[in-house]
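Undergrad: To start, I am sharing the structure in question, which I have written as structure tokens.
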Amino acid sequence: MQALAMLQETAATPDELIQSLTERSRLMSGCIMVFAGMDSSRLRIIQAVENRGVPTAIFVVKHQADQTPMRSDFHLLEIGRIKEDMANL
């Protein structure tokens, strides 16, 4: 098991992260990703891993008022309710 974590914003471009994940993808049997919100850059990262045939589990931490469209297979975790949302998985 290998962990790649970024706990704060980074100056790295999505392409740099995609390159790093692509290089490691052949060693992965699966990938769990946790994002604070969702945008096109994060979707590109997810797609890059999935396109290499790596199964993913995607968790998105969001505000209740956030109405950003999400894929149905994403696990949504609402700020202030993360424990409850995780228990319902």
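Undergrad: Name the one entry in ALA65, ALA57, ALA3 that is surrounded by fewer than 10 Cβ atoms within 10 Å (Cβ to Cβ), among the small types (Gly, Ala, Ser) and modelled with pLDDT of 90 or more.
TA: On the way: ALA57 fails: surrounded by fewer than 10 Cβ atoms within 10 Å (Cβ to Cβ); ALA3 fails: modelled with pLDDT of 90 or more.
Criteria check complete, one pass: ALA65.
Undergrad: Residues being out of contact with any Leu (no Cβ under 9 Å at 6 or more places or on another chain), within 16 Å of PRO14 (Cα to Cα) and in contact (Cβ under 8 Å) with a residue 12 or more places away in the chain: count how many of those fall in region 45-73.
TA: Count: 1.
Undergrad: Based on what the data block shows, is ARG26 modelled with pLDDT under 90 and of a type in the set (Lys, Arg)?
TA: It is true that ARG26 is modelled with pLDDT under 90 and of a type in the set (Lys, Arg).
Undergrad: So which helices (runs of 4 or more DSSP H) are wholly in region 6-89 and hold at least 3 residues that are under 15 Å from the mean Cα position of the chain (by Cα) and of a type in the set (Val, Ile, Thr)?
TA: 40-50
The values are calculated or read from the model by the stated rules, or taken from the named source; none is laboratory data. Keep in mind the model is a prediction, meaning the values are calculated, not measured. Quick reminder, even Gly has a Cβ in these numbers, built from the backbone with ideal geometry, and neighbours come from all protein chains shown.
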